[in-house]
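Presented below is the structure to which this report refers.
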Amino acid sequence: MAYLANTDQLLSDGILNPSQVKEIQIRSRDTMITLAINLFLTGGILAATLGFIFWLADPLSVAVTGGIALVLGLMLLLRGADRFSMFGNAAALIGAGMLLGGATFELVDNYEAIAAWAMTGLGGAAMIGSYALYRKVPEGLGFLTGAITLMGAAIHLGGVIGFEFEGVGAMLFYLYAAGLTFALGIALDVRLVSALAIVPFAQVLDTSTTYWHASYAFYSYESTLSILQMGSLVAGFTWLASRIKPRVGRHLNIAVMLAFIVMNLCFLVGSLWGDEVGRYMWGPQYRDFGYQNSEAYHAALDAFRETAFTISEEVYSVVWALLLMGLIAWSAMTTRRGLFNASLTFLGIHAYTQMFESFADEPMAYALGGLAAIPAAWGLLQANSWMKARETPTPVAHSK
């Protein structure tokens with residue numbers, strides 16, 4: 001939804017009539033119910049598939065049961081009524097999931113030496129073959145073939161992970177995983193899949209959920225570099241989304257929002273602990289010295305810190321606050337509600353965090369920040385008034 005409107009107010013102002021308001025309400029309810037249906041259906045299929053695999057716990061039994069379920073589901077989809085298509089999709093997907101998932105578990109448990117290669121090939125073949133069918137089959141089979149395409153992609157990426165890349169190899173793998181996931185999201189037109197691409201993309205610079213002092217989702221040890229990485233994606237995709245067809249633009253906007261969230265989580269950590277840029281990318285690593293050479297490690301670390309570009313938590317806090325305030329104003333003027341809500345939320349998190357951390361004992365910082373916010377609000381008010389005056393249509397005079 002690009003714009004948010006109060007339908008009751010629009011009705012009372014005479015801008016919308018009752019039938020238009022009713023249509024908006026019906027479409028809104030239909031969208032929410034469809035989302036709930038897809039959530040229940042996906043969760044049920046995943047739970048049933050895994051449950052059958054572990055309950056049967058035998059490769060042959062899993063394969064036979066999965067094959068039967070797949071055939072029955074396909075028969076129901078091809079010959080059944082439209083109102084039963086959900087059951088056909090569910091049966092076919094459970095069957096396909098048992099076949100692919102059972103094969104994956106069997107490879108990992110009993111054929112570890114070739115599991116990575118086999119999963120990479122098996123998943124890749126399932127992904128490519130199912131997507132080829134997705135492009136050609138009738139619309140009623142699109143959900144099934146699209147879902148199997150995603151299953152194959154998951155197995156394929158799981159197999160590639162098995163090669164245990166390190167360093168540059170790991171970075172390239174995460175870029176490949178992000179690119180493949182995002183491309184599949186666009187190809188299948190499923191924005192949830194596109195959204196998942198942020199997970200491997202956020203890992204390119206070795207992001208982690210742990211830190212010495214606390215735990216943060218999608219936090220990178222390299223806060224500044226990750227902010228630049230996510231900021232580049234936000235800027236590039238925002239620019240591209242307005243210049244490309246809407247079908248693809250919707251996926252780009254999803255990536256923009258999630259990259260913006262990850263970027264703010266990196267800002268959060270930077271505002272608490274600061275950042276020594278590049279310490280974990282090209283600085284000395286403890287694993288390279290070992291426990292016996294800890295003194296040499298600390299000496300190398302001290303030498304690195306003497307020339308490292310360091311950003312203090314205070315600087316991070318101020319820059320983050322100014323950035324969020326600017327984004328709130330810009331997103332409000334350009335009606336980007338998702339960005340507006342996210343910026344406002346993180347500004348609240350930032351204010352609450354800093355109240356007990358960086359500026360807990362600096363009351364003058366609050367006074368100066370509060371005074372600075374007042375002219376900023378006044379300036380935004382003037383800008384809004386100017387935009388309203390500019391955009392309001394001029395009444396046309398009619399001659400008598």
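The values are calculated or read from the model by the stated rules, or taken from the named source; none is laboratory data. Predicted model, so just to flag it, every value in this text is computed and none were measured. Cβ atoms come from the backbone with ideal geometry, glycine included; neighbour counts cover every protein chain shown. Note: accessible area is taken over every heavy atom of the protein model, side chains too, but ligands, DNA and RNA are not part of it. Shrake-Rupley method; radii C 1.70, N 1.55, O 1.52, S 1.80 Å.
Within the range 81-88, does at least one residue satisfy the condition of being of a type outside the set (Asp, Glu) and at pLDDT 85 or above?
Checked against the condition, which is being of a type outside the set (Asp, Glu) and at pLDDT 85 or above, the range 81-88 yields at least one hit.
If you check residue 132 against the conditions, is it more than 19 Å from residue 196 (Cβ to Cβ), part of a helix (DSSP H, G or I) and open to solvent by less than 30 Å² (accessible area, probe 1.4 Å)?
no
I'd like the residue in the range 160-181 that is over 14 Å from residue 199 (Cβ atoms) and at pLDDT 90 or above and, out of all such residues, is surrounded by the most Cβ atoms within 10 Å (Cβ to Cβ).
My answer is 160.
Any chance you could count how many residues in the range 277-302 are open to solvent by 30 Å² or more (accessible area, probe 1.4 Å) and without any contact (Cβ under 8 Å) to a residue 12 or more places away in the chain?
Matching residues across the range 277-302 total 14.
Do we have residue 75 as more than 30 Å from the chain's Cα centre (by Cα) and farther than 20 Å from residue 43 by Cβ here?
Values: more than 30 Å from the chain's Cα centre (by Cα): yes; farther than 20 Å from residue 43 by Cβ: yes.
Against the criterion (more than 30 Å from the chain's Cα centre (by Cα) and farther than 20 Å from residue 43 by Cβ), residue 75 qualifies.
Note down all Cβ pairs under 7 Å where the first residue falls in the range 167-181 and is closer than 21 Å to residue 283 by Cβ, the second is assigned to a helix (DSSP H, G or I), and they're at least six residues apart or on different chains.
Sorted first by the residue in the range 167-181, then by its partner, the pairs are 174/200; 174/201.
Just wondering, is there one or more residues in the range 204-219 that are at pLDDT 90 or above and either open to solvent by 20 Å² or more (accessible area, probe 1.4 Å) or in contact with a helix residue (DSSP H, G or I) (Cβ under 6 Å, 6 or more places away or on another chain) (or both)?
No - not one qualifying residue is present in the range 204-219.
Are any residues in the range 140-161 of a type in the set (Gly, Ala, Ser), in contact with a Ser or Thr (Cβ under 8 Å, 6 or more places away or on another chain) and either without any contact (Cβ under 8 Å) to a residue 12 or more places away in the chain or closer than 12 Å to residue 104 by Cα (or both), and if so, which ones?
152, 158, 159 - these are the residues of the range 140-161 that are of a type in the set (Gly, Ala, Ser), in contact with a Ser or Thr (Cβ under 8 Å, 6 or more places away or on another chain) and either without any contact (Cβ under 8 Å) to a residue 12 or more places away in the chain or closer than 12 Å to residue 104 by Cα (or both).
Is there a residue being within 27 Å of residue 39 (Cα to Cα), open to solvent by 70 Å² or more (accessible area, probe 1.4 Å), in contact with a Gly (Cβ under 9 Å, 6 or more places away or on another chain) and part of a helix (DSSP H, G or I) anywhere in the range 144-159?
no
Every residue in the range 305-336 that is farther than 29 Å from residue 348 by Cα and open to solvent by less than 30 Å² (accessible area, probe 1.4 Å), please.
Passing the criteria: only 308.
Is it fair to say residue 244 is modelled with pLDDT of 85 or more and either more than 15 Å from the chain's Cα centre (by Cα) or among the small types (Gly, Ala, Ser) (or both)?
yes
What single numbered condition from (1) out of contact with any Ser or Thr (no Cβ under 8 Å at 6 or more places or on another chain); (2) modelled with pLDDT of 85 or more; (3) open to solvent by less than 70 Å² (accessible area, probe 1.4 Å); (4) over 19 Å from residue 144 (Cβ atoms) fails to hold for residue 56?
Going through (1) out of contact with any Ser or Thr (no Cβ under 8 Å at 6 or more places or on another chain); (2) modelled with pLDDT of 85 or more; (3) open to solvent by less than 70 Å² (accessible area, probe 1.4 Å); (4) over 19 Å from residue 144 (Cβ atoms) one by one, residue 56 breaks only (1).
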